[in-house]
Amino acid sequence: MFQPSPWRADFPAIAALQRQHQTYLDNAATTQKPQALLDALSHYYGHGAANVHRAQHLPGALATQAFEATREKVAGWLNAADAQQIVFTHGATSALNLLAYGLEAQFEAGEEIAISALEHHANLLPWQQLAKRRGLRLVILPLDSSGHIDLDAALQLIGPRTRLLAVSQLSNVLGTWQPLQALLDHARAQGALTVVDGAQGVVHGRQDVRQLGCDFYVFSSHKLYGPDGVGVLYGRPEALARLRHWQFGGEMVQLADYQQASFRPAPLGFEAGTPPIAGVIGLGASLDYLASLDPHAVVEHEAALHRHLLRGLHDREGIRVLGQPQLALASFVVEGVHNSDLAHLLTEQGIAVRAGHHCAMPLLGSLGLDGAIRVSLALYNDSDDLQRFFSALDQGLELLR
Ligand SMILES: Cc1ncc(COP(=O)(O)O)c(C=O)c1O
């Protein structure tokens, strides 16, 4: 049955891609943008760009107002108590690096950081490198056969030596939601700081960081239908206060002379230099657009497409879907076929999917794989996109087998 997307026409790039015979199914990497975002960028650049937080002139005041309005909107999307808990970074990766650097002084040699076996490199390497610098132990929480963090094992491994837990909300490879609440509650009870990598999770509806009770939550704007070059770090006030300042320059300073300086608290203390102004304003427009949609309709549409995707994969012989994806995406391998050969044939037929290790080499390695193909969906995809993918897949497999 045809499953149309009521929102497809709101994304001009989808029609443009279709004219180029491209079917875009790589949304976990980055999303296409709504017209509302293009309009906001065009308005900002077309009506007078200005730097924020410094100039008294009208363009400066308007830019600052629009920039700070996005901080409020992000706080609303995450249900943060206060917009001052939202720090703009350049992406989820830079937010996680900020944390791994900013928290460095909080650790003593021999203490532990816990992450899971499915983390994206962005939520592995900053902690791995911190562990090396400080002589910490990086504890890897194992997965169960469905691709979820094994809760029983995790609760055993997170103990009084654990000083920090950093986990993804939704796996970018397996499409599995993690048992976050139980993990966070337990880690907090052990006195550990908690970090949620919401890069994939935040895309699928409003979040409630207060309910989660995490110390930090990070995401990238470009996966949430916003511009690239912008990320978000949410922090509880007490947790933000524990961060060491990490980049130094304009706007983050309170007082400076030639020998000494004092620094502002979050958020501005962690936004040194000119921030990505247009990007932040654009993210605000994307959030307004998303807020205007019926969230139940979006969830139902994405769930129906996801069922279609899984059915199609499971119906084909020799295809192994990794884990038990719950939402948004599925990664798979085909018996006797290398993922890069298949990806090549799909690309030739205008199917934009991702192949490779998906920035999660240790996870793929633990599954005995060097890569997999990932199909990832967004609210503008429809069942025709999936039909095109499946017919390209069938043709590709016929050639390769
Ligand atoms: C789960 C997860 N975490 C972090 C990241 C890093 O995001 P960015 O490259 O936008 O910094 C990604 C990107 O794919 C991701 O999927």
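Results, tabulated for the structure shown:
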| read-out | value |
| --- | --- |
| Descending semi-axes in whole angstrom, ellipsoid equivalent of the chain, from the Cα gyration tensor | 36, 29, 17 |
| Cut-off 15 Å between beta-carbons: net charge of the residues surrounding Ala189, Lys and Arg +1, Asp and Glu -1 | +1 |
| Nearest-0.05 FRET efficiency for Arg244 and Ala153, computed from C-beta distance (R0 30 Å) | 0.40 |
| Kyte-Doolittle at least 0.0, axis length at least 27 Å by Cα - qualifying DSSP helices, the chain | 58-78 |
| Alpha carbon centroid spacing (whole Å) that separates the stretch 271-292 from the stretch 60-81 | 8 |
| Potential lengthening between Ala15 and Asp288 on full extension [0.36 nm per residue; Cα-Cα distance subtracted] | 96.1 nm |
| Whole-angstrom Cα spans of the stretch 252-385 along principal axes, big to small | 69, 39, 28 |
| Structure-based [θ]222 nm, the chain - -39500 (n - 2.57) summed over DSSP H runs of at least 4, per residue, nearest 500 | -12000 deg cm²/dmol |
| Net charge, Ser116 excluded, C-beta distance under 12 Å - Lys, Arg +1, Asp, Glu -1 | -4 |
| Segment Glu72-Lys132, extension gain: residue separation times 0.36 nm, minus the distance between their alpha carbons | 17.9 nm |
| GNM flexibility winner over the chain from Asn51, Asn123, Asn339 (Cα, springs under 10 Å) | Asn51 |
| Relative contact order %, the stretch 263-340, counting alpha carbon pairs below 8 Å whose residues are six or more apart | 18 |
| Loop sites in the stretch 299-365: trypsin sites (Lys or Arg not before Pro), DSSP, at most 16 other Cβ within 10 Å | Arg316 |
| Residues of the stretch 151-176 with amide N under 15 Å of a point placed 7 Å along Cα→Cβ from His314 | none |
| Taking the chain and dividing mean pair separation by its residue count, relative contact order in percent (alpha carbons under 8 Å, at least six apart) | 23 |
| Among Phe270, Phe219, Phe11, residue whose mean-square fluctuation peaks in a GNM of the chain (springs only between Cα atoms under 10 Å) | Phe11 |
| Anchor Lys223: lysines whose Cα lies under 23 Å away (excluding residues fewer than 8 positions away in-chain) | Lys33, Lys73 |
| Alpha-carbon Rg with Dmax, taken over the stretch 313-377, Å | 11.3, 31 |
| Principal axes of the stretch 211-321: Cα extent on each, largest first, Å | 69, 30, 29 |
| Gyration tensor (alpha-carbon) shape descriptor, the stretch 1-126, a/c threshold 1.5 | oblate |
| Surface share of carbon and sulfur [accessible, 1.4 angstrom probe, percent] for the stretch 38-291 | 52 |
| For the stretch 25-92: rounded, prolate or oblate by the Cα gyration tensor [a/c cutoff 1.5] | oblate |
| Residue among Val232, Val74, Val333 with the largest mean-square fluctuation in a Gaussian network model of the chain, springs linking Cα atoms under 10 Å | Val333 |
| Förster radius 41 Å - calculated FRET efficiency between Ala109 and Gln349, Cβ distance, rounded to 0.05 | 0.15 |
| Listed residues Asp382, Asp185 arranged by accessible area, highest first, probe 1.4 Å | Asp185, Asp382 |
| Neighbour-limited loop hits for trypsin sites (Lys or Arg not before Pro), the stretch 178-268 (at most 15 other Cβ within 10 Å; DSSP other than H, G, I, E, B) | Arg206, Arg242, Arg244 |
| Rounded accessible area per residue of the chain, 1.4 Å, Å² | 42 |
| For a label point 7 Å along the Cα-to-beta-carbon line of Leu125, residues of the stretch 333-365 with backbone N under 19 Å | 355-365 |
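The values are calculated or read from the model by the stated rules, or taken from the named source; none is laboratory data. Keep in mind the model is a prediction, meaning the values are calculated, not measured. Cβ sites come from the backbone with ideal geometry, for glycine too, and all protein chains shown count toward neighbours. Please note that ligands, DNA and RNA were not included when accessible areas were found on the heavy atoms of the full protein model with its side chains. Shrake-Rupley method; radii C 1.70, N 1.55, O 1.52, S 1.80 Å.
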